[in-house]
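The next block holds one structure in the form of structure tokens; read it before the comments.
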Amino acid sequence: MFLEKVNNHARACLLYDPSHFVLQQLDYIQYIDFYHERIRAFHVKDAEFNSTGKQGTFGGYQSWLKRAGRYRSPGDGQVDFKTIFSKLAEYDYKGWAVMEWECCLKHPEDGAREGAEFIKNHIIRVTDKAFDDFAATGTDTDFNKKVLGLE
């Protein structure tokens with residue numbers, strides 16, 4: 001609906017933050033399939049959602065420690081970052097992966113140190129050749145036809 005309102009303007013781009021999707025119970029992986037062309041920045045922030053009989057999405061007026069939905073340090077919550085980084089690599093994402101740290105448990109200095117390493121360990125260097133081109137010899141169609149007896 002938003003894109004309709006802005007007539008699909010090319011500058012209507014997105015900051016992708018999967019932690020918010022967890023708290024809203026939305027499919028943050030499929031979202032990349034829908035909107036990858038508009039994602040320009042990526043917040044690497046984790047979250048967890050553990051509903052109870054007394055509270056759900058909106059927190060039940062609890063402190064952050066007691067909320068059903070709360071933000072966590074990267075790798076400490078429920079966000080599937082391996083799939084996200086793979087999916088962004090699949091679509092040749094060229095934007096930033098920036099840690100946004102809002103953990104209610106972990107000390108900020110530990111979160112910053114661990115978060116930088118977490119991002120470094122998840123970034124995928126995309127290959128420049130097919131996985132089965134182990135010899136990097138390329139293709140010789142005429143030779144292949146000759147070997148197969150198709151000439």
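The values are calculated or read from the model by the stated rules, or taken from the named source; none is laboratory data. If you're wondering where the values come from, they're calculated on a predicted model, not measured in any experiment. All Cβ positions, even for glycine, are placed from backbone atoms using ideal geometry, and neighbour counts span all protein chains on display. Keep in mind that these areas ignore ligands, DNA and RNA; they rest on the heavy atoms of the full protein, side chains included. Shrake-Rupley method; radii C 1.70, N 1.55, O 1.52, S 1.80 Å.
Is it the case that ARG113 is assigned to a loop (DSSP other than H, G, I, E, B), among the basic types (Lys, Arg) and more than 18 Å from LEU15 (Cβ to Cβ)?
no
Cβ contacts < 8 Å: first residue closer than 17 Å to TYR93 by Cβ, restricted to region 8-34; second residue in a strand (DSSP E or B) and basic (Lys, Arg), any location; separation 6+ or different chain. Result?
CYS13/ARG40; LEU14/ARG40; LEU15/ARG40
Anything in region 80-98 that is more than 13 Å from GLN30 (Cα to Cα) and among the aliphatic types (A, V, I, L, M)? List them, or say none.
Across region 80-98, the qualifying residues are ALA89, ALA97, VAL98.
Checking the condition farther than 30 Å from SER19 by Cα and either within 12 Å of the chain's Cα centre (by Cα) or β-branched (Val, Ile, Thr) (or both), which residue from VAL147, VAL126 passes?
Matching residue, one of VAL147, VAL126: VAL147.
Look through THR83, THR57 and report the one residue that is among the β-branched types (Val, Ile, Thr) and at pLDDT 95 or above.
Matching residue, one of THR83, THR57: THR83.
Pairs, please: C-beta under 6 Å, at least 6 apart or cross-chain, first residue within 25 Å of ARG67 (Cβ to Cβ) and in region 105-128, second β-branched (Val, Ile, Thr)?
none
Could you give me the residue pairs with C-beta distances under 7 Å whose first residue belongs to region 90-101 and is open to solvent by 90 Å² or more (accessible area, probe 1.4 Å), whose second residue is in a strand (DSSP E or B) wherever it lies, and which are 6+ apart or on separate chains?
TRP96/ALA41; TRP96/PHE42
Out of the residues in region 109-140 that are at pLDDT 95 or above and out of contact with any strand residue (DSSP E or B) (no Cβ under 9 Å at 6 or more places or on another chain), state the one that is surrounded by the most Cβ atoms within 10 Å (Cβ to Cβ).
For region 109-140, the residue satisfying everything is GLU114.
Within region 8-25, is even one residue under 15 Å from the mean Cα position of the chain (by Cα), at positive phi and not polar (S, T, N, Q)?
no
Please specify each residue of region 27-58 satisfying the condition of being farther than 30 Å from ALA10 by Cβ and in contact with a strand residue (DSSP E or B) (Cβ under 7 Å, 6 or more places away or on another chain). Outline the logic, then answer.
Taking region 27-58 first, the residues farther than 30 Å from ALA10 by Cβ are 46-58.
Correct list: ASP46, ALA47, GLU48, PHE49, THR57.
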